[in-house]
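The values are calculated or read from the model by the stated rules, or taken from the named source; none is laboratory data. Worth saying up front: this structure is predicted, and the values here are computed from it rather than measured. All Cβ positions, even for glycine, are placed from backbone atoms using ideal geometry, and neighbour counts span all protein chains on display. Ligands, DNA and RNA are stripped out before the accessible areas are found, and what is left, the full protein with its side chains, is counted by its heavy atoms. Shrake-Rupley method; radii C 1.70, N 1.55, O 1.52, S 1.80 Å.
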Amino acid sequence: DSVYSLAGILSKVQLLGDQYVLLGELRAELMDVTHNANQDMIDLSNLEYHADNEFLNLTNYYAAINNCNYLIQNMDSSVLVQGETRLKREVVAAKSIRAWVYLQLALNYNGAFYYEHPILTIPESQEVSSNEERYFLSKDDIFAALEADLLPYVNYPMPEYGALGADKVSYLIPSIRYLLGEIYLWQNRYQE
């Protein structure tokens with residue numbers, strides 16, 4: 001079950017792929033759109049943002065976050081397997097993936113609705129979306145929250161899975177050290 005739960009999270013992150021790449025590349029100087037591009041791509045290339053742009057849709061980001069929150073809250077990481085709490089590795093992996101998604105939201109949107117519990121009902125969703133002063137964090141506040149969440153696991157091992165093609169599935173999970181390094185770089189904390 002733990003493997004399938006993490007695979008479900010990775011499938012949600014996979015849905016961010018096109019959006020993530022296009023959002024980054026179309027705003028860069030090294031790529032331009034052709035006359036065949038759809039209007040949403042042209043608008044991104046021109047740095048014109050509007051809420052109905054398909055590449056600015058936040059649904060997939062928050063779906064990945066919510067799946068991570070569900071695993072973190074419901075995984076019994078106290079179960080011992082050969083004398084080790086091996087299921088905690090999946091919890092740490094989910095925290096890592098959630099941190100990466102929040103990092104993208106912070107960098108691309110300058111903030112995000114930050115919550116660490118799974119949203120399972122419409123009233124819970126409305127509570128988060130309508131309570132901006134409680135849940136919406138700025139980029140710097142997200143960096144601080146992520147650092148506090150990740151630091152205890154900086155040396156904790158990630159889950160080990162078999163190969164998917166030529167690479168291990170675990171290579172799809174960003175390391176805690178990488179994420180902390182990204183946060184420190186964006187905060188100009190170069191020594192750390």
**Study point:** Flag for residue 22 being part of a helix (DSSP H, G or I), aliphatic (A, V, I, L, M) and within 21 Å of residue 177 (Cα to Cα)
**Key:** no
Point to revise | Near pairs, Cβ below 6 angstrom, 6+ apart or cross-chain, from the stretch 64-91 (more than 17 Å from residue 176 (Cβ to Cβ)) to any residue that is outside any loop (DSSP other than H, G, I, E, B) and open to solvent by 60 Å² or more (accessible area, probe 1.4 Å) | key: 64/12; 67/12
Study note, to complete from the structure: Checked against (1) in a loop (DSSP other than H, G, I, E, B); (2) under 22 Å from residue 11 (Cβ atoms); (3) at pLDDT below 90, residue 90 satisfies every condition except (1)
Check your understanding: Counting only residues that are among the hydroxyl-bearing types (Ser, Thr, Tyr) and exposed (fewer than 13 other Cβ atoms within 10 Å of the Cβ), which one in the stretch 1-60 is farthest from residue 109 (Cα to Cα)?
Key -> 4
Point to revise | One residue from 179, 105 being surrounded by 14 or more Cβ atoms within 10 Å (Cβ to Cβ), in contact with a Ser or Thr (Cβ under 8 Å, 6 or more places away or on another chain), touching a residue at least 24 places away in the same chain (Cβ under 8 Å) and part of a helix (DSSP H, G or I) | key: 179
Study note, to complete from the structure: Among (1) at pLDDT 75 or above; (2) open to solvent by less than 60 Å² (accessible area, probe 1.4 Å), residue 169 falls short only on (1)
